[in-house]
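Data block below; observations after.
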Amino acid sequence: MTLDCKHVWAQVSEYIDGTVTAEMKKDIERHLSGCRYCSAVFDSTRNILVLVGDERTFELPVGFGERLHGHLRTWMNSADSGA
Amino acid sequence: MNSATDNRDVKQAAGVAEAAHEANVIARILAGERELFHELIRPYERGLYLAAYAIVQHEADAEDITQEAVIKAYKALKSFRGDARFGTWLMAITLNEARNRWRKTKGDQLDFLSDCEESTGDYTPSVLADWRYIPSEELERKELRKALREAIAKLSPAYREVLILRDVRGMSISETAEATGVSEGLVKVRLFRARLSMQKLLAPQLAPKQRGFMGWLTRKAGGQ
């Protein structure tokens, strides 16, 4: 099946997740091989998601873990003492 | 069997082993070894904070929500049946806390999803002539990290939620659906919109032809 650009864009998310059918995958890849614009759309989307998923993009506040476990410990102790 | 099937099988086996280990730890906590609860939540705490932050967009509130969610989970541990993975259950508690906080802040008249499902929006990507791959090492530059975070902040909370769970935490579609309390189909719709919106917001800024941002990177790399 020949897909136009809009149909290809509609599949970008599922294509990245690897959940498109084998036939659809083939159709998309055929389109991408001849369309530099859609290739750029797919490449940029995938690249941006890799950057978003990198640990460096979101940092935890300094001391987050210590405060979390400290708060939990204090709560457990007060629950134990029946406060 | 192909490598994708192999990887899925390995991941599934690891998941089963992890769930069995967690079930054992939970049984010991309930039997009185409460200190183990700290270890049980440790692998998830970063994800819980990020999910809370994705919704409320406020560091101190997100930290507070995470603390409250963890205590709620401890109190409710007896009721954890193991139908879902512990991490998914814990995430669902955190998201619930965060949504409640979001509603309180924004006012009860605002629905968490009102700016999302009801609007058709413009979900077309930014069309570029080419794309130059940006390696992860570029994240050492705070301007790139800031651009990514600002783009996420512009999404609706329900879109931020699925993007963080799926693309930052690496949860599966079914785990994301379970944690957010919506169908897998709706998770896919939201994820598609979130991902395409991210591309639309960021690609023009980061594309090689637009020299602004990349130009900054090049100048910086050259020590200028």
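Data overview
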{"quantity": "Of residues in the stretch B:162-177 being in a helix (DSSP H, G or I) and more than 10 Å from every other protein chain (Cβ to nearest Cβ), the one nearest to B:TYR49 (Cα to Cα)", "calculated": "B:LEU165"}
{"quantity": "Residue match in the stretch B:23-38 (condition: closer than 30 Å to A:LEU51 by Cβ, modelled with pLDDT of 95 or more and surrounded by 20 or more Cβ atoms within 10 Å (Cβ to Cβ))", "calculated": "no"}
{"quantity": "Cβ pairs under 7 Å, 6+ apart, first in the stretch A:51-76 and closer than 27 Å to B:LYS75 by Cα and in a loop (DSSP other than H, G, I, E, B), second of a type in the set (Phe, Trp, Tyr) and modelled with pLDDT of 95 or more", "calculated": "A:LEU60/B:TYR49"}
{"quantity": "Those residues of the stretch A:1-15 which are surrounded by fewer than 18 Cβ atoms within 10 Å (Cβ to Cβ) and either touching a residue at least 24 places away in the same chain (Cβ under 8 Å) or part of a loop (DSSP other than H, G, I, E, B) (or both), in sequence order", "calculated": "A:MET1, A:THR2, A:ASP4, A:CYS5, A:ALA10"}
{"quantity": "Residues that are within 30 Å of B:LEU139 (Cα to Cα), more than 8 Å from chain B (Cβ to nearest Cβ) and surrounded by fewer than 18 Cβ atoms within 10 Å (Cβ to Cβ), drawn from the stretch A:20-54", "calculated": "A:GLU29, A:SER33, A:CYS35, A:ARG46"}
{"quantity": "Filter pass, A:VAL20 being closer than 28 Å to B:LEU155 by Cα, modelled with pLDDT of 95 or more, part of a loop (DSSP other than H, G, I, E, B) and not basic (Lys, Arg)", "calculated": "yes"}
{"quantity": "Flag for B:ALA60 being within 11 Å of chain A (Cβ to nearest Cβ), out of contact with any Asp or Glu (no Cβ under 7 Å at 6 or more places or on another chain) and more than 21 Å from B:VAL162 (Cβ to Cβ)", "calculated": "yes"}
{"quantity": "Every residue from the stretch B:136-161 that is at the interface with chain A (Cβ under 9 Å from one of its Cβ atoms) and closer than 14 Å to A:ILE48 by Cα", "calculated": "B:SER136, B:GLU138, B:LEU139, B:LEU144, B:ARG145, B:LEU148, B:ARG149, B:ALA151, B:ILE152"}
{"quantity": "Cβ-Cβ under 7 Å pairs, at least 6 apart or on other chains, the stretch B:28-47 side closer than 25 Å to A:THR57 by Cα, far side polar (S, T, N, Q)", "calculated": "B:GLU45/B:THR66"}
{"quantity": "Residue list for the stretch B:180-196, filter: touching an Asp or Glu at 6+ places or on another chain (Cβ under 9 Å) and surrounded by 19 or more Cβ atoms within 10 Å (Cβ to Cβ)", "calculated": "B:THR180, B:LYS188, B:ARG190, B:LEU191, B:PHE192, B:ALA194, B:ARG195"}
{"quantity": "Conditions (1) at pLDDT 95 or above; (2) more than 17 Å from A:ARG56 (Cβ to Cβ); number of the one not met by B:TRP216", "calculated": "(1)"}
{"quantity": "Single match in B:ARG42, B:ARG46, B:ARG81, B:ARG34 (criterion: facing chain A (nearest Cβ under 9 Å) and not in a helix (DSSP H, G or I))", "calculated": "B:ARG34"}
{"quantity": "Count - residues of the stretch A:68-83 that are surrounded by fewer than 17 Cβ atoms within 10 Å (Cβ to Cβ) and within 7 Å of chain B (Cβ to nearest Cβ)", "calculated": "1"}
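The values are calculated or read from the model by the stated rules, or taken from the named source; none is laboratory data. Here the structure is a predicted model, which is why all the values come from computation and not from measurement. Note that we place each Cβ from the backbone using ideal geometry, even for glycine, and neighbour counts take in every protein chain shown.
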